[in-house]
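Read through the structure below, which is laid out as structure tokens, and then see the notes.
The values are calculated or read from the model by the stated rules, or taken from the named source; none is laboratory data. Fair warning: this is a prediction, and the values are worked out from it, not measured in the lab. Cβ atoms come from the backbone with ideal geometry, glycine included; neighbour counts cover every protein chain shown. Just so you know, the surface numbers come from the protein's heavy atoms only, side chains and all, with ligands and any DNA or RNA stripped out. Shrake-Rupley method; radii C 1.70, N 1.55, O 1.52, S 1.80 Å.
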Amino acid sequence: MRMPGMNGAEFLAQLRQTAPNTVRMLLTGHRDLNRAIEAVNEGYIFRYLTKPCAKSDLVHALVLGLAKYHSNAEREDLVKEAKEIKMQAANLGEFLFSRNRR
């Protein structure tokens, strides 16, 4: 949370603006609840970890974060496909409607 120039919550909020598809995690040695809430609310934190952090906890959080990233990417691909199918169906409907009016 304590960094030169800005705190961790500010950094993660800025990161969310520039790279919204990232899965953001916070690992801190400071257990300030208000700052943690700020980080979660402004930076949309996936996981909040405190130091010292067990290696197994960190690895588990990273594995879950990667799974979330891939799940988000897959969902975005499906949404794009659905929009394309909807547009194609609308175009087909317009084509069929225009042919029936002739």
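Extension gain for V59 to R99 (0.36 nm times residue separation, less C-alpha to C-alpha distance): 8.4 nm. In the context of the full set of protein chains, the chain has a per residue accessible area of 78 Å² (1.4 Å probe). For R24, nonlocal amide neighbours, meaning residues 5 or more places apart or on other chains whose placed amide H falls under 5 Å from its own, are F46. If R0 equals 35 Å, the separation of the Cβ atoms of N21 and L92 corresponds to a calculated FRET efficiency of about 0.65.
With the helix formula -39500 (n - 2.57) applied to DSSP H stretches of n ≥ 4, the chain reaches a computed 222 nm mean residue ellipticity of -23500 deg cm²/dmol.
Grab the beta carbon distance between L66 and L33, set R0 = 22 Å, and tell me the FRET efficiency rounded to 0.05. Taking R0 as 22 Å, the efficiency between L66 and L33 is 0.20.
Taking the accessible area of the chain, probe 1.4 Å, and keeping the other protein chains in place, the carbon and sulfur fraction comes to 57%.
With a ≥ b ≥ c the root eigenvalues of the C-alpha gyration tensor of the range 33-102, is it rounded (a/c under 1.5), prolate (a/b larger than b/c) or oblate? Cα axes put the range 33-102 in the oblate bin. What the Cβ-Cβ distance of F46 and E84 gives, at R0 = 25 Å and to the nearest 0.05, is a FRET efficiency of 0.30. Taking Cβ atoms as reference points and 13 Å as the exclusive limit, the residues near L49 contribute a net charge of +4, counting Lys and Arg as +1 and Asp and Glu as -1. Other residues within the sphere of radius under 12 Å centred on the Cβ of L92, judged by their own Cβ, net out at +1 (K and R +1, D and E -1). Here the Karplus relation 6.51 cos²θ - 1.76 cosθ + 1.60, evaluated at θ = phi - 60°, turns the backbone of the range 11-22 into coupling constants of 4, 5, 5, 5, 4, 4, 6, 8, 9, x, 8, 6 Hz, with x for every Gly and Pro. Phi angles of the range 87-92 translate, via the Karplus equation with coefficients 6.51, -1.76, 1.60 and θ = phi - 60°, into HN-Hα couplings of 5, 5, 5, 5, 5, 5 Hz per residue; Gly and Pro are given as x.
Ranked by the mean number of other Cβ atoms within 10 Å of their residues, highest first, the peptides 58-71, 4-17, 77-90 fall in the order 4-17, 58-71, 77-90.
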